[in-house]
Amino acid sequence: MKYNFFILIYIFLAVSLFAQNDTINQKDNNGLPHGYWEKYKEGKLFYKGHFNHGNPIGEFTYFYPDNIIKTKLSFSDNGKKAYAIHYYKNGKKYAEGMYYDKKKEGKWIYYDGFDHIIAIENYKNGELNGISYDFFPNGDTLQIANYVNGKKNGEYRLFYPTKSPRIIANYKNDTIQGLTKYFYSNGQVYEIGKYRDGLRDSLWIMYDENGVVILTELYNYGSLIERKVYQPDKDPMKLEDDIIKNIDLYRKGIIKEPSENDFFNGTIR
């Protein structure tokens, strides 16, 4: 009797396993993924989710190699739309926003791994468009920039942790242009002048923290024509142009952001 019982159990398990394999990673008559799918990379679960005749539907879950959730994509509109939530390995959110036709669209929010928002960006057709914000961990604004088709255009502001402005500038197609002001942390102007095509042009004036002129410089399209020093003991000798080169000092950068290619270019097939 026991022998027959174990035979029945064996048959049941075998049938169940066969049925399970028969319902995973199936394709329709056109060779398109259909139903529940699991994909593995190097023996590790990479993603799981459902297809409807080649189109991803509902929630897809992607994993780090150690089986920790990396990304959740919620598909709609026949797979054209996907709301994404990316995660750090500690389970905290890294970023969230919408993909449309495999490109970022609308508002995206980025986090520091401790539930603090560190950036808010706006996208159109996969490119930055509109105002982008970066924040200090305490929530205060670090910088504000406007983008058109992926390039900085319009006013740019960078702030100190004290909320006072550090830089007020203008950009045209990612190049600094026009009147630019640098500030001390006490709010006093440190330097003021104009840029032309990213190069200093016309008169530049440098002040001390009390608003007294330290020096003046006259430029012609990046070339220094004349320099007058009024407070030699406060002459920095080297202008701080490197602050422009590092103007995006607090962009996300905590970990590499997942690329759209990780999810849309064949990885879900």
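Between residues in the range 177-193 that are under 13 Å from Leu158 (Cβ atoms) and residues that are acidic (Asp, Glu) and modelled with pLDDT under 95, which pairs lie under 9 Å by C-beta distance while being six or more apart or on different chains?
Tyr182/Glu240; Tyr190/Glu240
Mind listing just one residue for me: the one in the range 131-166 that is among the β-branched types (Val, Ile, Thr) and under 18 Å from the mean Cα position of the chain (by Cα) and, of those, farthest from Asn186 (Cα to Cα)?
Top of the filtered list is Val148.
Of all residues being aromatic (Phe, Trp, Tyr) and crowded, with 17+ Cβ neighbours inside 10 Å in the range 22-62, which is nearest to Tyr88 (Cα to Cα)? Just the residue, please.
Initially, the range 22-62 is screened for residues aromatic (Phe, Trp, Tyr), giving 36-37, 40, 46-47, 51, 60, 62.
Those left that are additionally crowded, with 17+ Cβ neighbours inside 10 Å: 37, 46-47, 51, 60, 62.
On the way: Trp37: 24, Phe46: 16, Tyr47: 16, Phe51: 26, Phe60: 17, Tyr62: 12 Å.
Per the criteria, the residue is Tyr62.
Which of the residues that make up the range 43-59 are outside any strand (DSSP E or B) and within 24 Å of Asn30 (Cβ to Cβ)? Full working, then the answer.
Start the filter on the range 43-59 by keeping residues that are outside any strand (DSSP E or B), which leaves 43, 53-54.
The answer is His53, Gly54.
When the range 79-89 is examined, which residues are found to be of a type outside the set (D, E, K, R) and either at pLDDT below 95 or more than 21 Å from Ile24 (Cα to Cα) (or both)?
Here is the first cut: in the range 79-89, the residues of a type outside the set (D, E, K, R) are 79, 82-88.
Residues satisfying the conditions are Ala82, Tyr83, Ala84, Ile85, His86, Tyr87, Tyr88.
Does Ala145 satisfy the criteria of being in contact with a Phe, Trp or Tyr (Cβ under 6 Å, 6 or more places away or on another chain), under 18 Å from Ala119 (Cβ atoms) and in a strand (DSSP E or B)?
yes
Across the range 114-143, which residue is nearest to Tyr182 (Cα to Cα) among those that are among the hydrophobic types (A, V, I, L, M, F, W, C) and loosely packed, with under 15 Cβ neighbours inside 10 Å?
Of the range 114-143, the ones among the hydrophobic types (A, V, I, L, M, F, W, C) are 114, 117-120, 128, 131, 135-136, 142.
If we keep only those that are loosely packed, with under 15 Cβ neighbours inside 10 Å as well, we get 114, 131.
On the way: Phe114: 32, Ile131: 21 Å.
Going through the qualifying residues, I end up with Ile131.
Restricting the search to the range 154-170, which residues are out of contact with any Asp or Glu (no Cβ under 8 Å at 6 or more places or on another chain), under 27 Å from Gly106 (Cβ atoms) and free of Cβ contacts under 8 Å to residues at least 40 places away in the same chain? Before the answer, list the steps.
Filtering the range 154-170 down to residues out of contact with any Asp or Glu (no Cβ under 8 Å at 6 or more places or on another chain) leaves 154-158, 160, 162, 164-167.
Subset that is under 27 Å from Gly106 (Cβ atoms): 154-158.
Listed by number, the residues that qualify are Gly154, Glu155, Arg157.
Among the residues of the range 106-120, write down those that are touching a strand residue (DSSP E or B) at 6+ places or on another chain (Cβ under 9 Å), over 30 Å from Gln188 (Cα atoms) and not basic (Lys, Arg).
Our first condition is that a residue be touching a strand residue (DSSP E or B) at 6+ places or on another chain (Cβ under 9 Å); within the range 106-120, this holds for 106-113, 115-120.
Then drop every residue that is not over 30 Å from Gln188 (Cα atoms), which leaves 106-113, 115-116.
Those that are touching a strand residue (DSSP E or B) at 6+ places or on another chain (Cβ under 9 Å), over 30 Å from Gln188 (Cα atoms) and not basic (Lys, Arg): Gly106, Trp108, Ile109, Tyr110, Tyr111, Asp112, Gly113, Asp115, His116.
From the list Tyr83, Tyr100, pick out the single residue that is without any contact (Cβ under 8 Å) to a residue 60 or more places away in the chain and touching a Ser or Thr at 6+ places or on another chain (Cβ under 8 Å). Explain how you work it out, then say what you get.
Details: Tyr100 fails: touching a Ser or Thr at 6+ places or on another chain (Cβ under 8 Å).
Result: Tyr83 is the single residue among Tyr83, Tyr100 that is without any contact (Cβ under 8 Å) to a residue 60 or more places away in the chain and touching a Ser or Thr at 6+ places or on another chain (Cβ under 8 Å).
Going by the conditions given, is Tyr111 surrounded by 19 or more Cβ atoms within 10 Å (Cβ to Cβ), of a type outside the set (S, T, N, Q) and either modelled with pLDDT under 95 or within 28 Å of Ile168 (Cβ to Cβ) (or both)?
It is true that Tyr111 is surrounded by 19 or more Cβ atoms within 10 Å (Cβ to Cβ), of a type outside the set (S, T, N, Q) and either modelled with pLDDT under 95 or within 28 Å of Ile168 (Cβ to Cβ) (or both).
Consider Tyr62 against the criteria (1) touching a residue at least 40 places away in the same chain (Cβ under 8 Å); (2) under 30 Å from Asp140 (Cα atoms); (3) assigned to a strand (DSSP E or B); (4) not charged (D, E, K, R): it satisfies all of them except one. Which criterion is unmet?
Condition (2) is where Tyr62 drops out.
Output the residues belonging to the range 97-114 that are more than 10 Å from the chain's Cα centre (by Cα), over 14 Å from Gly79 (Cβ atoms) and assigned to a strand (DSSP E or B). Steps first, answer last, please.
Filtering the range 97-114 down to residues more than 10 Å from the chain's Cα centre (by Cα) leaves 97-107, 112-114.
Narrowing the set further to residues that are over 14 Å from Gly79 (Cβ atoms) leaves 97, 104-107, 112-114.
Gly97, Lys104, Glu105, Gly106, Lys107 - these are the residues of the range 97-114 that are more than 10 Å from the chain's Cα centre (by Cα), over 14 Å from Gly79 (Cβ atoms) and assigned to a strand (DSSP E or B).
The values are calculated or read from the model by the stated rules, or taken from the named source; none is laboratory data. In this text the structure is predicted, and so the values were computed from the model without any measurement. Positions of Cβ are generated from backbone atoms using ideal geometry, with glycine treated the same way; all protein chains shown enter the neighbour counts.
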